[in-house]
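Computed from the coordinates by the stated procedures, all read-outs in this text should not be read as laboratory data. As the structure is a computational prediction, the values presented were derived from the model and not from experiment. Cβ coordinates were reconstructed from backbone atoms using ideal geometry, including for glycine residues, and neighbour counts include every protein chain displayed.
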Amino acid sequence: MYDELTEIDIRKMQEEIDYRTTVLRPKLIEDVKTARSFGDLSENFEYKAAKQEKNRNDSRVRYLERMISTAKVIAVRSDSEAAGLFDKLTLFFEEDDETRDIELVTTLRQNALKGLISKESPLGKAVIGHKTGDRVEVESPEYSYHVVIRSITKGKDDDSLEISGY
């Protein structure tokens, strides 16, 4: 399976890979060597911690490389009225009787606590392509609910959103 990502997502991942391999990896390898020199490895916490940090970095690089190699690059198209990728929406949640602002983003940049909702999530899938005033049913594995799109502010992929970490 592939992830649908934008060219900016790919570029941001490549920049992180470059940083982790050219700047961070040499520092982490040096930290492992330094900690190894402290003596007995069986009781050397610094060595174990340094190895874990190096392994975490290597794992992140492998993850990003795999994401890039399997990604399907998508173009950000935006209908003049319908909700699309990187648009900001004001939604009324009928069940909770409250209004929330969200932004539709790629999976790589999602952060629900900041209102960045993946287009792959149940809410993202439900509202994408709909217009202001539409009442939309959101179906999740556990239950379903309705939202009303109160407003749509057109957005663009402007490189300001960070990619998700661990």
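Contact order, relative form, for region 20-166: 20 percent (alpha carbon pairs under 8 Å, 6 or more residues apart, mean separation divided by residue count). Between amide H atoms placed 1.01 Å from N, distances below 5 Å from Leu116 occur with Glu103, Asn111, all of them 5 or more places distant or on a separate chain.
Inter-part distance, region 106-166 to region 18-33, computed on C-alpha centroids, equals 37 Å.
If r is the Cβ-Cβ distance from His146 to Val76 and R0 is 41 Å, what FRET efficiency results, to the nearest 0.05?
Numbers: r = 27 Å, r/R0 = 0.67.
After rounding, the FRET efficiency stands at 0.90.
Applying a DSSP loop filter and a limit of 16 other Cβ atoms within 10 Å to the trypsin sites (Lys or Arg not before Pro) in region 117-162 leaves Lys131, Lys154, Lys156. Principal-axis analysis of the Cα atoms of the chain puts helix 45-70 at an angle of about 40° to the longest axis.
How far apart, in nm, are the 7 Å Cα→Cβ label points at Arg25 and Thr153? For the pair Arg25/Thr153, the computed spacing is 4.1 nm.
Only DSSP H runs of four or more residues enter the estimate; each adds -39500 (n - 2.57), and after division by the residues of the chain the mean residue ellipticity at 222 nm equals -11000 deg cm²/dmol. Checking the cross-link pairs Lys27/Lys48; Lys12/Lys154; Lys125/Lys154; Lys12/Lys131; Lys12/Lys48; Lys131/Lys154 against a 19 Å limit on the alpha carbon distance flags Lys12/Lys154; Lys12/Lys131; Lys12/Lys48 as lying beyond it.
Does region 46-111 come out rounded, prolate or oblate, given a ≥ b ≥ c as the square roots of the eigenvalues of its C-alpha gyration tensor, rounded meaning a/c under 1.5 and, failing that, prolate meaning a/b above b/c? Don't skip to the end; give the middle numbers.
Numbers: a/c = 5.22, a/b = 1.87, b/c = 2.80.
Oblate.
The C-alpha atoms of the chain define a longest principal axis, and helix 25-36 lies at about 40 degrees to it.
Among the listed values [x] 22.3; [y] 18.4; [z] 19.0, the one matching Kirkwood radius over Cα pairs in Å as calculated from this structure is [y].
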